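Here is the structure we will look at, set down as structure tokens.
The values are calculated or read from the model by the stated rules, or taken from the named source; none is laboratory data. Not measured: the values here are computed from a predicted model. All Cβ positions, glycine included, derive from the backbone under ideal geometry; neighbour counts span all protein chains shown.
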Amino acid sequence: MIVGNGALGLFLADELMERGMGSVVVVGPGHRETGASQAAGAMLGCFGETTTESLRTDASRTRFELGVAAHDRWPAVLTKLEEFSRTGRPLQSAPDTHVVLNSIGAELDTVNFKAMLDALDQYGKPWEEVDPHEIPGFNPRLDTRSLRAVHLPTEGAVDARGVLAALEARLHDAGAVLVDQSVRRLVSSDDVVTGVELDDGHLIEAGTVVVAAGVHSESLVRTVSEDIDLIPMFPGLGFAMMARRTGGDPFRSVVRTPNRGFACGLHVVPQGGGLEYYGATNRLVDSISGVTWMADVRFLAQYSMQQLDERAAGHEVVQWLAGNRPVTLDGFPMIGWLPPSGLYLMTGTYRDGFHCAPLLAEHVANELQGKPGTIDPMFTPTREPVVTRTIEWSISEYVEHNLAAWFETGAEAAPQMTTTQIAEYYRTRCVQAYDQLGIDYALGPDILWYAQGSLLGARRIRRYLRSHRGGSETRARSVDTGSGDAQ
Ligand SMILES: Cc1cc2nc3c(=O)[nH]c(=O)nc-3n(C[C@H](O)[C@H](O)[C@H](O)COP(=O)(O)OP(=O)(O)OC[C@H]3O[C@@H](n4cnc5c(N)ncnc54)[C@H](O)[C@@H]3O)c2cc1C
């Protein structure tokens, strides 16, 4: 039994059916509200997502290489799914990507752009510098025009909603059971998980239960035991818009900025049929929801018009998409068996889970069959949080992300104030945040931003880290002496 009908759950079900692993049941509400997969731009991007962090430590390199390996799976995935597609358009909505470096962000864009080119060269992947004027559809306002652009000929995107529907059709065809319901709780007996209870009270028995319910996974797992020592997970609420183009040249490739300012970069993904997906915001929040913040609507609409295509102002928004990315404390996925026998967890994929889903499905299917897994065992859900940075490094990263957001949002300081002074302000705030948190585990910029703005979040992070490594009183020392290198 698989609990959760997002990309991870459905790709796993498909893999299990293909392997002839008996009866597979997937439980999940058809509307998928608050789920990440239904809101995803589904860029199949690993190099477009590169940041200075991607290859800096062994752990982040291992994570990065999941994306590289996942990429190779997609041509075969699309071939097998295409015949089940009902959209009337190819499931691959864009074959390639242009990454643009414009001046509205800050230094973060430049260093991430460079990190991407270095990574492409290291892995021997094709790329070509192009004249930004030559990118079909790309028509930013002059004050945010692009300084450089590269073409990634093998990184495109798929139609997320079309792929989910095609997977469901293929599963029906193969005889899998899809239950349009939610699971209220997991059921166990003598420390063995034996099935689930649905919201309507029905029980379904199962020999093995895989929880792949995205950001809902943690609370579901807790229904069987409060004592499972999971890495904390937070909802990364994201907003995107599906718009019908009303004039001008359409985009024919994904066009995006590098990852920046706590988020995944501004991007447009052509969908076919005159539709374009504009995305995406990212805001870590206390509780899962499907709402959209007005600030995020402004952000996305204004920056799409400024930085991607000024004619987008006249486009017709046909759908608002909101979903919650499953974001773990250390930023790494949670994949593996849990202590009650018969329970497996598969989540925590943050911003590239759609892309990685076919690869993860192969790994999990192997583990369910008792075969060796295909990915590194470091992603086990009950691990100690992975350490990839020092406190000093974390503070610098936080400052860089805030500066990027400062300039992109057009924030203004007194005219005589220098960038160094703004950076110093963020640095001071960050040092204060660490002092208040009283932790010596170095957080990523997005988690730190969240912990700083949410009492609930800060408490949860502090409580967890104090019961693990990372909550000791040695933090001050690591601020003073941190070299910036990963530990
Ligand atoms: C705006 C946005 C843009 C993104 N863009 C990209 C991108 O370009 N490329 C990329 O690779 N990734 C992208 N992502 C990230 C990606 O969507 C996620 O990493 C991935 O989809 C997670 O898949 P999942 O199946 O684990 O979770 P989800 O998609 O959240 O699926 C979980 C499912 O479980 C169901 N569920 C919840 N509770 C229960 C319950 N109690 N019982 C039964 N079912 C339940 C939900 O309805 C949901 O359908 C984006 C995410 C967002 C929000």
Across the range 151-177, the tally of residues that are part of a strand (DSSP E or B) and surrounded by fewer than 20 Cβ atoms within 10 Å (Cβ to Cβ) stands at 2
In the range 397-410, is there at least one residue being part of a loop (DSSP other than H, G, I, E, B) and not assigned by TED's automatic domain parsing to the domain that holds L275?
yes
Spot the failing condition for G48; the list is (1) more than 8 Å from the ligand (Cβ to nearest atom); (2) closer than 20 Å to M346 by Cα; (3) among the small types (G, A, S); (4) not assigned by TED's automatic domain parsing to the domain that holds A165, and only one is missed.
(2)
Per the filter on the range 201-221, residues within 12 Å of the ligand (Cβ to nearest atom), of a type outside the set (A, V, I, L, M, F, W, C) and on the phi < 0 side of the Ramachandran plot are H216, S217, E218, S219
So L198 clears everything in (1) within 27 Å of F47 (Cα to Cα); (2) near the ligand (Cβ under 10 Å from one of its atoms) except one condition, right? Which one?
(1)
Within the range 384-427, the count of residues that are loosely packed, with under 13 Cβ neighbours inside 10 Å and among the basic types (K, R) comes to 0
List the pairs whose first member sits in the range 338-356 and is of a type in the set (K, R), whose second member is modelled with pLDDT under 95 and within 13 Å of the ligand (Cβ to nearest atom), and whose Cβ atoms are under 6 Å apart, counting only residues at least 6 apart or on separate chains?
R351/C264
Output the number of residues of the range 327-356 satisfying the condition of being touching a Phe, Trp or Tyr at 6+ places or on another chain (Cβ under 9 Å), farther than 30 Å from T194 by Cα and near the ligand (Cβ under 7 Å from one of its atoms).
1
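Residue-by-condition table, conditions (1) closer than 18 Å to C264 by Cβ; (2) touching a helix residue (DSSP H, G or I) at 6+ places or on another chain (Cβ under 9 Å); (3) more than 16 Å from the ligand (Cβ to nearest atom); (4) not assigned by TED's automatic domain parsing to the domain that holds G272:
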position: S103; (1), (2), (3), (4): no, yes, yes, no
position: L108; (1), (2), (3), (4): yes, yes, yes, no
position: P140; (1), (2), (3), (4): no, yes, yes, no
position: D143; (1), (2), (3), (4): no, yes, yes, no
position: L147; (1), (2), (3), (4): no, yes, yes, no
position: L152; (1), (2), (3), (4): yes, yes, no, no
Search result, residues across the range 310-326 that are farther than 25 Å from T144 by Cα and more than 9 Å from the ligand (Cβ to nearest atom):
V318, Q319, W320
Since Q452 meets every condition but one in (1) in contact (Cβ under 8 Å) with a residue 24 or more places away in the chain; (2) closer than 21 Å to A106 by Cβ, which condition does it not meet?
(1)
Out of the residues in the range 1-45 that are in a helix (DSSP H, G or I) and within 6 Å of the ligand (Cβ to nearest atom), which is farthest from H401 (Cα to Cα)?
G9
The conditions are (1) part of a loop (DSSP other than H, G, I, E, B); (2) in contact with a helix residue (DSSP H, G or I) (Cβ under 6 Å, 6 or more places away or on another chain), and Q181 fails exactly one of them. Which is it?
(2)
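Could you tell me how many of the residues in the range 184-216 are assigned to a strand (DSSP E or B) and surrounded by fewer than 24 Cβ atoms within 10 Å (Cβ to Cβ)?
13
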Report the residue count in the range 256-290 for those that are within 23 Å of H401 (Cα to Cα) and either within 13 Å of the ligand (Cβ to nearest atom) or among the hydroxyl-bearing types (S, T, Y) (or both).
17
